[in-house]
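S.K.: Mind having a look at this structure? Questions to follow.
The values are calculated or read from the model by the stated rules, or taken from the named source; none is laboratory data. Note that this is a predicted model, so its numbers are computed, not measured. Glycine also receives a Cβ, built like all others from the backbone with ideal geometry; neighbour counts cover every protein chain displayed.
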Amino acid sequence: MEDEAELIKRNEGLVRSIAARFTGRGVDMEDLVQLGMIGMIRAARSFDDERGCAFSTYAVPLIMGEIRRFLRDDGLIKVSRERKRLGSRLLYEKEKYSLKYGCDPRISELAEICGVSVEEAAEALCSATPPRSLSEPAYEDGDAPLSDLIPSPDGMSRETEVIALREAVRRMPLLWRKIVALRYDRDLSQDETARILGLTQVKISREEKKIFEYLRRELS
């Protein structure tokens, strides 16, 4: 298997081609590429060639996800363009540092790399709204039965759709991941799930509705 740095270098063109699809939305092409590179680095760090799919297939939903989240948040949260740009750069440098040294950098180190104060770095990182780490414990969906409940994005292959679904589930709160694992991995009823989690059946039902709304939004 290729090392992570080689995977990233060989697929830089893929990031640019995906970023080009999102031009004309008020964000510079180079900023879109930098966002896409965050997804590329995350993909390289978590890719396992034993999954049976090409790295590019695995990386596409992660690259697109980073760009889409930025564009979605940019429309909902009014933050200065400069701070959003700095936040994206900080996330990019954070992933590069983690890839190189195997650990996350301190905010002070990121600030020094980007030539800003610690306060500016902290504020910009808050604005960037990064997704959860891909190394967090996650529900492995196997044949992804949950995907049958979520509409497929146009032009997305079944294999890519399953990967995108898995990564969306990885970013969910812990309670939601537990519900998904019990309901769709172990195929338990809402009542059984509620007993295991110490909740009511009504609570499980309400949380499931929130989960489906979240997944439809993430995969649209």
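S.K.: Taking the range 33-53 on its own, how many of its residues are over 15 Å from the mean Cα position of the chain (by Cα) and either farther than 24 Å from R166 by Cα or modelled with pLDDT of 80 or more (or both)?
M.R.: Result for the range 33-53: 1.
S.K.: Is it true that some residue in the range 5-22 is aliphatic (A, V, I, L, M), at pLDDT below 85 and crowded, with 16+ Cβ neighbours inside 10 Å?
M.R.: Taking every residue of the range 5-22 in turn, at least one turns out to be aliphatic (A, V, I, L, M), at pLDDT below 85 and crowded, with 16+ Cβ neighbours inside 10 Å.
S.K.: Using beta carbons and a limit of 8 Å, which pairs, at least six apart or on different chains, have the first residue in the range 88-99 and more than 8 Å from I38 (Cα to Cα) and the second one crowded, with 21+ Cβ neighbours inside 10 Å and modelled with pLDDT under 85?
M.R.: Taking only residues 6 or more apart or on different chains, the pairs are S88/F70; S88/A128; L90/A121; L90/A124; L90/A128.
S.K.: Something else about it: Being among the charged types (D, E, K, R) and either surrounded by 12 or more Cβ atoms within 10 Å (Cβ to Cβ) or in the same structural domain as A164 (by TED's automatic domain parsing) (or both) is the filter; apply it to the range 29-48 and report the residue that is nearest to L86 (Cα to Cα).
M.R.: Looking at residues that are among the charged types (D, E, K, R) and either surrounded by 12 or more Cβ atoms within 10 Å (Cβ to Cβ) or in the same structural domain as A164 (by TED's automatic domain parsing) (or both), I get D31.
S.K.: Scanning the range 49-58 for residues that are assigned to a helix (DSSP H, G or I) and in contact (Cβ under 8 Å) with a residue 60 or more places away in the chain, which turns out surrounded by the fewest Cβ atoms within 10 Å (Cβ to Cβ)?
M.R.: By that ranking, first place goes to T57.
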